[in-house]
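Report on one structure; see the data block that follows.
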Amino acid sequence: MFTLSLQAQRHIRDIKSYSVKHWGEAKARQYIRQLRLTMEGLSLNPYKGIDSTDDWPDTWRFPCNSHVIYYKPLAEGIVITAVLHKSQLPAIHL
């Protein structure tokens, strides 16, 4: 199980809007679906990602296509804190 923080929800909406504008509705749905499948997989195996606790407390990250999913493992599942494009600096957005 995973939950999205408000910030991560905004990121997903922005990614979808950008994708629709540049690649069309079908590709946007496919891309968002891949992000969600990756998040579901991480919720089942949260330590599959890269430990980023040295930079952000209790935070892990995992690349997915052109984005990086930032999340915090919980007792049951994960909370997604951000979904940033690989070109974005996490220090500014986390």
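The values are calculated or read from the model by the stated rules, or taken from the named source; none is laboratory data. Bear in mind the structure is a predicted one, so any value in this text is a computation, not a measurement. Note: ideal-geometry Cβ built from the backbone for every residue, glycine included; neighbour counts use all protein chains shown. Just so you know, the surface numbers come from the protein's heavy atoms only, side chains and all, with ligands and any DNA or RNA stripped out. Shrake-Rupley method; radii C 1.70, N 1.55, O 1.52, S 1.80 Å.
Solvent-accessible area per residue for the chain at a 1.4 Å probe radius, Å²? Spell out each step's value before the answer.
Working: 5940 Å² over 94 residues.
Per-residue value: 63 Å².
If you add up the charges near Glu40, with Lys and Arg at +1 and Asp and Glu at -1, over every other residue whose beta carbon is less than 13 angstrom from its beta carbon, what do you get?
Numbers: positive: Arg33, Arg36, Lys48; negative: none.
Combined, the nearby Lys, Arg, Asp and Glu give +3.
From the residues Trp60, Gly77, Gln30, which one has its Cα farthest along the dipole of segment 28-94 in the positive direction, the dipole being from +1 and -1 charges on Cβ of Lys/Arg and Asp/Glu about the Cα centre?
The Cα lying farthest towards the positive end belongs to Gln30.
How far is it, in nm, from the label point at Gln88 to the one at Trp23 when both lie 7 Å from their Cα along the line to the Cβ?
Roughly 1.6 nm, to one decimal.
With a 10 Å cut-off between alpha carbons and a GNM built on the chain, which of Val83, Val20, Val68 moves the most?
Of Val83, Val20, Val68, the most mobile in the Gaussian network model is Val20.
Percent of accessible area on the chain owned by carbon and sulfur, 1.4 Å probe? Mind showing how you got there, number by number?
Details: 3180 of 5940 Å².
Of the solvent-accessible surface of the chain, carbon and sulfur hold 53 percent.
If contacts are Cα pairs under 8 angstrom and at least 6 residues apart, what is the relative contact order of the chain in percent?
Details: 130 pairs, mean separation 27.9, N = 94.
Relative contact order here is 30 percent.
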